[in-house]
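K.L.:
Handing you a structure now.
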Amino acid sequence: MTPSATGVSPDLRVSFAGINLKNPVIAASGTFGYGVEFEDVVHLNKLGGFVVKGLSAEPMAGNAPPRLYETPAGMLNAIGLQNIGARAFLEEKLPKLRKMKNIIVFANVFGHCREDYERTIEILNEGEGIAAYELNVSCPNTSGGGIHFGSDPRSLDEVVNTTKRISRRPLIVKLSPNVTSITQMARVAQEAGADAISLVNTFVAMAIDPETRKPRIANVTAGLSGPAIKPIALRMVYDAAKAVSIPVIGMGGISAAADIVEFMLAGATAVEIGTASYWGPGCHRKNRSRT
């Protein structure tokens, strides 16, 4: 990302894993639907790119409500990865996205065992118009005793190795912050074949209603996102970027142009914006204009 000689119109183009973006701002998975839902409120071709909701091999209904709760500086969510399934995405959503010009679409992929990831990517491989896969490794590995892929080096190595072998597109591994060493997990992802890493995903957290004495989220625990996590996310991006040679995509509490600059100074090639787009879908355009 380099400024022009006049300083009036900076060149915001960035690239990673062979993918060229017009600017470094990507709408993160989870708060931007499948992209098509936002075309009336956001010019999708103004974004660097966007990541669709997490996709699984089969449709998922998600968790029971309540599954969202606003915190003083962020949001708790336990949506439960509700989605229409990879096949329905190819048939119902991707054709509409392919009709749009100058957009970059990333598909977020998740599973509860290695075979789930494989099946989902095999289905998505059949589609056209997907730039890369973003592997969500913050899911519990049901065949591995429930430990999360992203918090166990061996599980992470296995799922990245497997999906890289069958993927027809670049593979971005989205790392969990709920680990002892983010640098270790970043290196594992790189050595297993990741083309890039993105971080951080949400922090495990909870809230309790003092009146009812019950958790405010039906699932009890949830993922914390928003401005509250930004300083920790920034530190983790900084550490990861120094530990690996593959590109790093930073995220976590970005809500202003200055936040984007901070993450890129910390070593990120691009950034993803999630929670901010939940309360203001047009924030990506505003952030870009102020960069």
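The values are calculated or read from the model by the stated rules, or taken from the named source; none is laboratory data. Since this is a predicted model, take the numbers as computed values, not measurements. Quick reminder, even Gly has a Cβ in these numbers, built from the backbone with ideal geometry, and neighbours come from all protein chains shown. When the accessible area is computed, the model is the full protein with side chains, heavy atoms only, and any ligands, DNA or RNA have been set aside. Shrake-Rupley method; radii C 1.70, N 1.55, O 1.52, S 1.80 Å.
K.L.:
So which of K22/K242; K22/K96; K22/K230 end up more than 23 Å apart, counting from Cα to Cα? Intermediate values should be presented prior to the final figure.
P.N.:
On the way: K22/K242 25 Å; K22/K96 21 Å; K22/K230 25 Å.
Going by Cα-Cα distance, K22/K242; K22/K230 fall outside the 23 Å limit.
K.L.:
What whole-number value in Å² describes the accessible area per residue of the chain for a 1.4 Å probe?
P.N.:
Computed with neighbouring chains in place, this is 45 Å² per residue.
K.L.:
Divide by every residue of the chain the summed helix terms, -39500 (n - 2.57) for each DSSP H run of at least 4, and state the resulting mean residue ellipticity at 222 nm, rounded to the nearest 500 deg cm²/dmol.
P.N.:
Computed mean residue ellipticity for the chain: -7500 deg cm²/dmol.
K.L.:
What range in the chain is the longest one free of trypsin sites (Lys or Arg not before Pro) that are in a loop by DSSP and have at most 14 other Cβ atoms within 10 angstrom?
P.N.:
Excluding the exposed sites themselves, the longest stretch runs over 14-98.
K.L.:
Okay, next question. Given 0.36 nm per residue, what is the gain on full extension from R235 to T183 after removing their alpha carbon distance, in nm?
P.N.:
Stretched out fully, the R235 to T183 stretch lengthens by 17.6 nm.
K.L.:
Still on this model: With a cut-off of 8 Å between alpha carbons and a minimum separation of six or more residues, what is the relative contact order of segment 98-252 in percent?
P.N.:
Relative contact order, segment 98-252: 19 percent.
K.L.:
Please identify, among M206, M185, M264, the residue showing maximal mean-square fluctuation in a Gaussian network model of the chain using a 10 angstrom Cα cutoff.
P.N.:
Judging by the Gaussian network model, the answer is M206.
K.L.:
May I pose another question? I'd like to know which of I249, G274, P24 lies farthest towards the positive end of the charge dipole of the chain, counting +1 on Cβ of Lys and Arg and -1 on Cβ of Asp and Glu.
P.N.:
Selected residue: P24.
K.L.:
Now a separate question. Test of understanding: in a Gaussian network model of the chain with alpha carbons linked when under 10 Å, which of A107, A196, A256 would top the mean-square fluctuation ranking?
P.N.:
Maximum fluctuation in the GNM of the chain, among the listed residues, is at A256.
K.L.:
Now for a different question. Taking the Cα centre of segment 170-242 as the origin, how large is its charge dipole in debye, to the nearest 20, when only Lys and Arg (+1) and Asp and Glu (-1) carry charge on their Cβ atoms?
P.N.:
Dipole about the Cα centre, nearest 20: 160 debye.
K.L.:
Work out, step by step, the length gained on full extension between K46 and S15: first 0.36 nm times the residue separation, then minus their alpha carbon distance; give nm to one decimal.
P.N.:
Here the segment from K46 to S15 would lengthen by 9.6 nm.
K.L.:
Share of segment 67-183's accessible area from carbon and sulfur, percent, 1.4 Å?
P.N.:
46
K.L.:
Continuing with the same structure: Over segment 39-146, what lengths in whole Å, largest first, do the semi-axes of the equivalent ellipsoid take, defined as the square roots of 5 times the eigenvalues of the alpha-carbon gyration tensor?
P.N.:
Here the semi-axes work out to 24, 21, 12 Å.
K.L.:
Full extension from A207 to E91: what is 0.36 nm times the residue separation minus their Cα-Cα distance, to one decimal in nm?
P.N.:
Numbers: separation 116, 0.36 × 116 = 41.76 nm, distance 3.87 nm.
The A207-E91 span can extend by a further 37.9 nm.
K.L.:
Given the options G18, G48, G252, which has the most mean-square fluctuation in a GNM of the chain, springs set between C-alpha atoms less than 10 angstrom apart?
P.N.:
The residue with the greatest mean-square fluctuation here is G18.
K.L.:
If you don't mind, another one. Using Cα pairs closer than 8 Å and at least 6 residues apart in sequence, work out the relative contact order for segment 150-201, in percent.
P.N.:
Once normalised by length, the contact order is 47 percent.
K.L.:
How high is the relative contact order of the chain, in percent, counting Cα pairs under 8 Å that sit 6 or more residues apart?
P.N.:
Worked out over the chain, it gives 19 percent.
K.L.:
Can you find, among L68, F110, V42, the residue sitting farthest towards the positive end of the charge dipole of segment 19-146, where Lys and Arg contribute +1 and Asp and Glu -1 at Cβ?
P.N.:
V42
K.L.:
Where does segment 202-243 land on Rg(C-alpha)/(2.2 N^0.38 Å)?
P.N.:
Numbers: Rg = 14.4 Å, N = 42, 2.2 N^0.38 = 9.1 Å.
Against the compact-globule rule of thumb, the ratio is 1.58.
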